[in-house]
Amino acid sequence: MNRRAFLATTAAAAAGVTMTAASAATVTPFGQTGAPTPSTAPLPLGPLPGSRYPDSRLESLKKPQVSFGPSGFPAFAGTMAVERVATGFRWAEGPVYFPAGRYVLFSDIPNNRIMRFLEDDGHVSVFRQPSMNSNGNTIDREGRLITCEHSGRRVTRAELDGSITIIADRYNGKKLNSPNDAVVAADGSIWFCDPVYGIGGFYEGIKAEPEQEKHNVYRVDPKSGDIKIVVDDFVEPNGLCFSPDEKKLYICDTGFTDGPDNPSHIRVFDVDLGAGKLSNSKVFADMPKPSITDGLRCDTAGRLWCSVGWGDPNEDGVRCYTPDGDLLGKIHIPETVANLCFGGQQRNRLYIRGSSSLYAVYTSVQGAMKP
Ligand code: MG
């Protein structure tokens, strides 16, 4: 190496160090919790290995177990396999689809960033960093991004001009625990859960003592911005989803992570949207412990699609239930799955967040696309 080349290399290295230091300085103490995951793709993209139509990863639990036609499991039209469309994340969560831009946003929590997957050409890039160790994301009726932040311990909204508005960061004068997932109703009210996963350590947030006595689900009033508790008897409230008519609200309880006798299930409530109240709590579906379900979405017929992960690898993936709680089928994914959302121009592509990767499968239904 000649001297000029050496000096150029050294200057570039120095500039790199400076930039890294500056970047780290802006992030601390908001959760630069790990070295970035290498950008090389450790897992192959495209249809999963060994796929043959019909894909055996799409399992109908109804008889006959046909692939085609109205009696088949509505996961697919028969001629589609589960695909891995992006990979290289440390622990990815909270997907949301933006129809106007045809992209999926999702959180890579330990890497403190929100990623964007462009559906038209598969391009993946960083959308926001630092993300305050964001977790759940959703979209409101005006097309604005709503984000739950672990290290921010708050719920924020990205306005159409790109500025960030804090929607909720305190209740009763005390900090929230670590908002995890949110949904927005037709009246603009924002409903979110507040478990303690984001303050339990330094990997997915910043370790802290909870200030809230309980792990509540809250509603933010669309006019006043007031925050009130809508339910307070969850061990660890998690994913939320309204039925398409918004008469029911489904909420996961992942309390099993705190102890073997705690629930791993989905509860369903009757919703009085005008009053902002829930009633008539019931267990909708139990998960096969030690698996838990973290994320929920409905299709237009009111079927509930939920993630499954953390337990038996044979259960990792997605489950689909009728509105009556009848299990219709499963989608098997080779990684622990935390969350999912419908997307695609026809709202018929299910995006599945599985640990290090983003998976997708076309379905024979359409997502309700209510946040
Ligand atoms: Mg969650």
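The values are calculated or read from the model by the stated rules, or taken from the named source; none is laboratory data. These numbers come from a predicted model, not from an experiment. Neighbour counts run over all protein chains shown; Cβ positions are idealised from the backbone, glycine included.
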(message) Take the conditions surrounded by fewer than 19 Cβ atoms within 10 Å (Cβ to Cβ) and at pLDDT 95 or above and apply them to Asp253. Does it pass?
(response) no
(request) Would you mind telling me which numbered condition in (1) within 17 Å of Thr138 (Cα to Cα); (2) modelled with pLDDT under 95 Leu328 fails? (result) (1)
(request) Identify, from the list Glu211, Glu159, the residue that is over 18 Å from the mean Cα position of the chain (by Cα), farther than 28 Å from Val268 by Cβ and at pLDDT 95 or above. (result) Glu211
(message) Name the residue that is nearest to the chain's Cα centre (by Cα), counting only residues in segment 84-104 that are within 16 Å of the ligand (Cβ to nearest atom) and buried (at least 24 other Cβ atoms within 10 Å of the Cβ).
(response) Gly94
(message) Quick test of your reading of the structure: Arg84 fulfils all but one of (1) over 30 Å from Gly198 (Cβ atoms); (2) at pLDDT 85 or above. Name the failing condition by number.
(response) (1)
(message) Please return the ranges of strands (runs of 3 or more DSSP E) entirely within segment 260-371 where 2 or more residues are over 18 Å from Phe73 (Cβ atoms).
(response) 265-272, 277-286, 337-343, 349-354, 357-362
(request) Just need a number here: residues in segment 178-192 that are within 15 Å of the ligand (Cβ to nearest atom) and touching a Lys or Arg at 6+ places or on another chain (Cβ under 7 Å). (result) 3
(request) Could you grab me the full set of residues in segment 137-163 that are more than 16 Å from the ligand (Cβ to nearest atom) and over 27 Å from Ala368 (Cβ atoms)? (result) Asp161, Gly162, Ser163
(message) Restricting to segment 32-75, name every residue that is among the small types (Gly, Ala, Ser), crowded, with 16+ Cβ neighbours inside 10 Å and modelled with pLDDT of 65 or more.
(response) Ser60, Gly72, Ala75
(request) Please specify each residue of segment 221-243 satisfying the condition of being touching a Gly at 6+ places or on another chain (Cβ under 9 Å) and either outside any strand (DSSP E or B) or more than 16 Å from the ligand (Cβ to nearest atom) (or both). (result) Asp221, Pro222, Lys223, Lys228, Val230, Phe234, Val235, Glu236, Ser243
(message) Which numbered condition in (1) without any contact (Cβ under 8 Å) to a residue 60 or more places away in the chain; (2) within 21 Å of Val96 (Cα to Cα); (3) within 16 Å of the ligand (Cβ to nearest atom) is the only one that Ser355 fails?
(response) (1)
(message) Condition first: surrounded by fewer than 24 Cβ atoms within 10 Å (Cβ to Cβ), within 14 Å of the ligand (Cβ to nearest atom) and modelled with pLDDT under 95. Can you find one or more residues in segment 193-206 that meet it?
(response) yes
